[in-house]
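The values are calculated or read from the model by the stated rules, or taken from the named source; none is laboratory data. In this text, all values refer to a predicted model and were calculated from it rather than measured experimentally. Positions of Cβ are backbone-derived with ideal geometry, glycine not excepted, and every protein chain shown enters the neighbour counts. We work out accessible area using only protein heavy atoms, side chains counted, and drop any ligands, DNA or RNA first. Shrake-Rupley method; radii C 1.70, N 1.55, O 1.52, S 1.80 Å.
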Amino acid sequence: MSLRTERPAPPGRWNPWPDVGASLVVFLVALPLCVGIAVASGVPAELGIITGVVGGLVVGLLPGSTMQVSGPAAGLTVLVADTVAAHGLRALGLIVLGAGLLQVAMGLLRLGRWFRAISPAVVQGMLAGIGLVLVLGQLYPFAGQDQPTTTGGKFAGLLDLARAAVTTPVGLGGVAVGVLTLVVAWLWKRTPWRAVPGMLVAVVVASAVGVLLPLPRISIGPLTDVVDLVDFSLLDTGVVGAMLTFALVASAESLFSAAAVDRMHSGPRTRYNRELVAQGVGNALCGVLGALPMTAVIVRSASNVDAGARTRLSRVLHGAWLLVFVVLLPGVLSYVPLAVLAALLVQAGWKLLAPGKVLALARADRAEAAVLVLTAGLIVLTDLLTGTLVGLLAAVVKTAWDMSRLTVTVTAHGEDHHHVAVRGNATFLKLPGLLETLEAVPDGSRVRVDLTEVHHLDQACGQAIEHWAARRSGVEVIH
């Protein structure tokens, strides 16, 4: 990602062409991802397109962020797949509608800014866990296999998957076009024509090669065939819990994306509460239509900024191009093998996993790295909500431990003079050790207690030091 200085058109001379050009770039990036994310989530591909169209035409018009582009997100793929497996596809619309309404309520209550207070280790752990599960699941379409519904099943099936990948025509062909997709996307970034999205070039090249191979492919029908209006009779406690999970995860991903996108341009900053309301409106509409949930997506947003977008017109038009393409040219997508889309999602999952960032954090702060690994590991072993909540709890415990870190050093200057240096945060959690150290200072000696390097002194520790000094003579307390 590059830092781009925004150059708005002079007042009175609005020039829409930079936004038109940027919208075409974002459309080309979004199209295969909308389809791939839907397929990976175990739902009809058309539902991903509907979410992309709503993200452009509806959320794109609403205030909050200028450069963010919304649509189905790879980060929600695992959550959607688990939810559909547990509650059925018909319940998805109700869950997404409820999540959207919760997001609107959180935005109106001005809770958007609180999402910025979540520990970076938990955020990175959440993304890493999602990325690992996503990569693991998308290995199966490479060999033309259906991915198991549970993470344990995905791990258990790796041996059979490897065998199918090297012994069957579908497996060999799928691996070939999948690897070709990744190689072309990687090499294209290093060419003089990198302004054209590498993902699009990779899809075109790999699909052209794949025409000659017996590979499973996608099919797109009329969008009206998959629209399924909300069925409120499916509401139960499990569905309500899923609504809350979707709302929290989608909101966090959107607002984390906003913070990243704001660093990429010099235009208007994101207004977090309004952006949360906009995301909620979009998800509510997607729920009514029975489509996938949406978030602001960093891949599309970064492409929007890099392509020279200046206003929200670019993200609105990208939704219009999606709609026009699916209405007029749906048959074109039937030439794209599932292995090609799987390769794109493997790339997206690897970016979410971000092993380089994990290693950098481990070198900088082992405790933060432990929170990250705990969060990611539990997401892989259990589910997204459990892993994230336990990660948040671990981050709070770590912060409490850091805040209560205290060192007390006693230095003797002769037999009748002692210097007590207290450093750190003196809270009630450290009170027993503090009192033991003070009471071990010999009676009858002059004592200087130095509190100048205490960052925080709570009432319990302050009163304890005062009472201890009052019981003795020759004690000087320096604040």
* Long-range neighbours under 8 Å by Cβ, at least six apart or interchain, first residue within 19 Å of Ala339 (Cβ to Cβ) within the range 187-208, second assigned to a loop (DSSP other than H, G, I, E, B) and of a type in the set (Lys, Arg) -> Trp188/Arg194; Gly198/Lys189
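Out of the range 45-80, which residues are outside any helix (DSSP H, G or I) and under 26 Å from Ile379 (Cβ atoms)?
Start the filter on the range 45-80 by keeping residues that are outside any helix (DSSP H, G or I), which leaves 58, 62-73.
Across the range 45-80, the qualifying residues are Gln68, Val69, Ser70, Gly71, Pro72, Ala73.
Checking the structure you have, find out if any residue of the range 6-21 is aliphatic (A, V, I, L, M) and surrounded by 19 or more Cβ atoms within 10 Å (Cβ to Cβ). Before the answer, list the steps.
Narrowing the range 6-21 to residues aliphatic (A, V, I, L, M): 9, 20.
Add one more test, that the residue is surrounded by 19 or more Cβ atoms within 10 Å (Cβ to Cβ), and what stays is none.
Within the range 6-21, none of the residues are aliphatic (A, V, I, L, M) and surrounded by 19 or more Cβ atoms within 10 Å (Cβ to Cβ).
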* To do: Answer yes or no: is there a residue in the range 336-355 that is closer than 30 Å to Gly173 by Cα, charged (D, E, K, R), modelled with pLDDT under 90 and open to solvent by less than 10 Å² (accessible area, probe 1.4 Å).
  => no
* Within the range 271-288, identify whether any single residue is touching an Asp or Glu at 6+ places or on another chain (Cβ under 6 Å) and either over 16 Å from Leu61 (Cα atoms) or surrounded by fewer than 22 Cβ atoms within 10 Å (Cβ to Cβ) (or both), and answer yes or no. => no
* Can you tell me which residues in the range 173-201 are assigned to a loop (DSSP other than H, G, I, E, B) and aromatic (Phe, Trp, Tyr)? -> Trp193
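Within the range 453-466, is there a residue that is within 14 Å of His419 (Cβ to Cβ), within 48 Å of the chain's Cα centre (by Cα) and not hydroxyl-bearing (Ser, Thr, Tyr)?
Taking the range 453-466 first, the residues within 14 Å of His419 (Cβ to Cβ) are 453.
Narrowing the set further to residues that are within 48 Å of the chain's Cα centre (by Cα) leaves 453.
Okay, now just the ones that are also not hydroxyl-bearing (Ser, Thr, Tyr), so 453.
Looking through the range 453-466, at least one residue is within 14 Å of His419 (Cβ to Cβ), within 48 Å of the chain's Cα centre (by Cα) and not hydroxyl-bearing (Ser, Thr, Tyr).
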* To do: Could you list all residues from the range 451-466 that are within 13 Å of Thr409 (Cα to Cα) and surrounded by fewer than 17 Cβ atoms within 10 Å (Cβ to Cβ)?
  => Glu453
* Note down all Cβ pairs under 9 Å where the first residue falls in the range 31-50 and is touching a residue at least 40 places away in the same chain (Cβ under 8 Å), the second is of a type in the set (Ser, Thr, Tyr) and assigned to a loop (DSSP other than H, G, I, E, B), and they're at least six residues apart or on different chains. => Gly42/Thr149; Ala45/Ser219; Leu47/Ser41; Gly48/Ser41
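Hey, which of the helices (runs of 4 or more DSSP H) in the range 81-172, taking only ones fully inside, have at least 1 residues that are open to solvent by 70 Å² or more (accessible area, probe 1.4 Å) and either small (Gly, Ala, Ser) or on the phi > 0 side of the Ramachandran plot (or both)?
Numbers: elements: 89-108, 120-142, 151-156, 158-167.
Result: 151-156.
If we only count helices (runs of 4 or more DSSP H) wholly inside the range 336-392, which ones have 3 or more residues that are free of Cβ contacts under 8 Å to residues at least 24 places away in the same chain?
355-364
Hey, among Leu235, Leu244, which residue is within 20 Å of the chain's Cα centre (by Cα), open to solvent by 80 Å² or more (accessible area, probe 1.4 Å) and either touching a residue at least 12 places away in the same chain (Cβ under 8 Å) or under 28 Å from Pro141 (Cβ atoms) (or both)?
Values: Leu235 fails: within 20 Å of the chain's Cα centre (by Cα).
Matching residue, one of Leu235, Leu244: Leu244.
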* Structure fact -> Filtering the range 367-379 down to residues that are modelled with pLDDT of 85 or more and not small (Gly, Ala, Ser) yields Glu368, Val371, Leu372, Val373, Leu374, Thr375, Leu378
* Which condition does Thr295 not pass, out of (1) of a type outside the set (Lys, Arg); (2) open to solvent by 50 Å² or more (accessible area, probe 1.4 Å); (3) closer than 30 Å to Tyr140 by Cβ, if it passes all the others? -> (2)
* Asked: Are any residues in the range 448-479 farther than 24 Å from Ser404 by Cα and of a type in the set (Val, Ile, Thr), and if so, which ones?
  -> Val475
